[in-house]
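The values are calculated or read from the model by the stated rules, or taken from the named source; none is laboratory data. The model shown is predicted, which means the values in this text are computed figures rather than measured ones. FYI the Cβ positions are ideal-geometry reconstructions off the backbone, even for glycines, and counts take in every protein chain you see.
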Amino acid sequence: MTTTQQSNASAPGGLFTLGDLKPLLPAKAGIWHQQNFGVKNTDDQGLAGTWVSGDYSAGKKKATLTITDLGDVAATATPWTGPPLERDGQKTYGEAGRTVREEEKRGGKREVTVVLGNGIAIGAAGTDVAMAELKQLATGIDLAKAERLARPAK
């Protein structure tokens, strides 16, 4: 992974900064060990956002963990409270007040995304990696610490 870091690590008003998100990336999460990381602030086509991402390995298995600030989308997102919904290779359900989405794609690619109430999305993706292993990576960050982050004022 190429590490992209802008000299100005601050995010636009209302968004978490790289300094908020980077410490959430664990060096180790269960069987997973971080190999490298990248960070980015964006302001593309009027959509601002911040994300940090790390490449992880567990033996020969490889996966990517990404922590993304959903920004203004967070204001409209509510935790999933209904029964699990499964269709077209996707499963969405609520767990501990968070929304979880599991997705299986062609070629053995799988993704797990956990959306926290404060608009932070944690995603783990890998090819030929079991869904449970990806979920272990996604929930391997300190979720309580991530949820305690207060969204900056705009």
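The figures follow:
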| read-out | value |
| --- | --- |
| Scope the stretch 1-29; condition within 17 Å of A124 (Cβ to Cβ), surrounded by fewer than 14 Cβ atoms within 10 Å (Cβ to Cβ) and modelled with pLDDT of 85 or more; matching residues | A27, K28 |
| Candidates T92, T99, T139, T113 - the one that is more than 13 Å from the chain's Cα centre (by Cα) and among the β-branched types (V, I, T) | T92 |
| The stretch 97-116, residues that are free of Cβ contacts under 8 Å to residues at least 40 places away in the same chain and over 15 Å from T66 (Cα atoms) | G97, T99, E103, E104, K105, R106, G107, G108, K109 |
| So G140, is it surrounded by fewer than 21 Cβ atoms within 10 Å (Cβ to Cβ) and at positive phi | no |
| Residue identified as of a type in the set (D, E, K, R), more than 21 Å from L18 (Cβ to Cβ) and in contact (Cβ under 8 Å) with a residue 12 or more places away in the chain among E147, E133 | E133 |
| Residue in the stretch 87-97 that is buried (at least 21 other Cβ atoms within 10 Å of the Cβ), among the small types (G, A, S) and touching a strand residue (DSSP E or B) at 6+ places or on another chain (Cβ under 9 Å) present | no |
| Yes/no for K145 being in contact with an Asp or Glu (Cβ under 8 Å, 6 or more places away or on another chain), outside any strand (DSSP E or B) and under 24 Å from A27 (Cα atoms) | no |
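Residues checked against (1) modelled with pLDDT under 85; (2) touching a Cys at 6+ places or on another chain (Cβ under 7 Å); (3) closer than 18 Å to L143 by Cα; (4) aromatic (F, W, Y):
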| residue | (1), (2), (3), (4) |
| --- | --- |
| G54 | no, no, yes, no |
| G59 | no, no, no, no |
| A75 | yes, no, no, no |
| T92 | no, no, no, no |
| T99 | no, no, yes, no |
| G107 | no, no, no, no |
